[in-house]
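What follows is a single structure, written as structure tokens, with notes after it.
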Ligand SMILES: C[S@@+](CC[C@H](N)C(=O)[O-])C[C@H]1O[C@@H](n2cnc3c(N)ncnc32)[C@H](O)[C@@H]1O
């Protein structure tokens, strides 16, 4: 295992703009690259969340280097309001999310994310809930096809689901290598160089971890927790994630017409936090970063800031 090279860490932390005395959430601690940068940028406190117990265990040494400033919480960022309430935190100066899986997870065959090496068909970032094998062996064929199509944009979803249904009747599909071989049997490699299993593995991973539901819950909760001038920064890696982030930020920053100040809805609107978009268009990684870290290729960063409450 080679560790995880953080993607767009500089840009993310610059948009987060940590201040001395501020309280921040790194909702995707991973290898701790973002947290380390935030802690180095200001005399602030970081609450770092990760659903993967291995990531939390790995963070102990970074926490020891910043006594009282880095706190690690194992849990899902979609539950951040409750996780933080448990430790007495109800207001934040910033939240950062670097979505998806880490290289630690991807490169460890035992985690079952990779079609390149054989391992148990697991794909859970955390340690509970159904595995990819549970879904592959138990979901009705039609539901499997829907998963592959919706979360993987796999146009051969029906044929792949049919092949899986046939194979699992012979014996349960429990390894990444067998699943990848079934998919490659339906879709032979083409000239693109992209493994035919790529889209199906992405789809199953998103389903197993309810990744899109988690993002929706996290964005809504982060916006609720932000104090005035607090910032939310999100780095997304594929269009399904980025679409949710983009739409949420457009809605939160009032891309919909504001009601008149004499309209009763306008009075109500005074109670609702207001935000401004910091990234009118997604920020992309530079050529140099993509050259050293191909995983950065598809990254898109978006950010917003909560405005003050006072209305004229
Ligand atoms: C791309 S890595 C983050 C890397 C990190 N920024 C760094 O610099 O090392 C994503 C991490 O977020 C975690 N994660 C993904 N979805 C999560 C969720 N819903 N709740 C909590 N952690 C999650 C994964 O377990 C993984 O460790």
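The numbers here are math on the coordinates, done by the rules we state, and not lab data. Everything numeric in this text was worked out from a predicted model, so none of it was measured. No Cβ is skipped: glycine too gets one built from the backbone with ideal geometry, and neighbour counts run over all protein chains shown.
Computed values, structure above
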quantity: Cα-derived Rg over Rh, computed across segment 136-182 with Rh taken as Kirkwood radius; calculated: 0.94
quantity: Segment 52-146, relative contact order [Cα under 8 Å, separation at least 6], %; calculated: 16
quantity: Max mean-square fluctuation residue, GNM over the chain, Cα-Cα springs under 10 Å, options 217, 169, 111; calculated: 169
quantity: Ascending count of other beta-carbon atoms within 10 Å, so fewest first, for 10, 211; calculated: 10, 211
quantity: Computed [θ] at 222 nm, deg cm²/dmol, the chain (DSSP H ≥ 4; -39,500 (n - 2.57); rounded to nearest 500); calculated: -12000 deg cm²/dmol
quantity: Where labels lie 7 Å past Cα in the beta-carbon direction, separation of residue 159 and residue 143 in nm; calculated: 2.6
quantity: Percent of beta bridges antiparallel (DSSP, the chain, rounded to nearest 5); calculated: 40
quantity: Label-point gap, in nm, between residue 181 and residue 198 - each point 7 angstrom along Cα→Cβ; calculated: 2.3
quantity: Between 0 and 90°, nearest 10: helix 198-208 axis offset from the chain longest Cα axis; calculated: 60
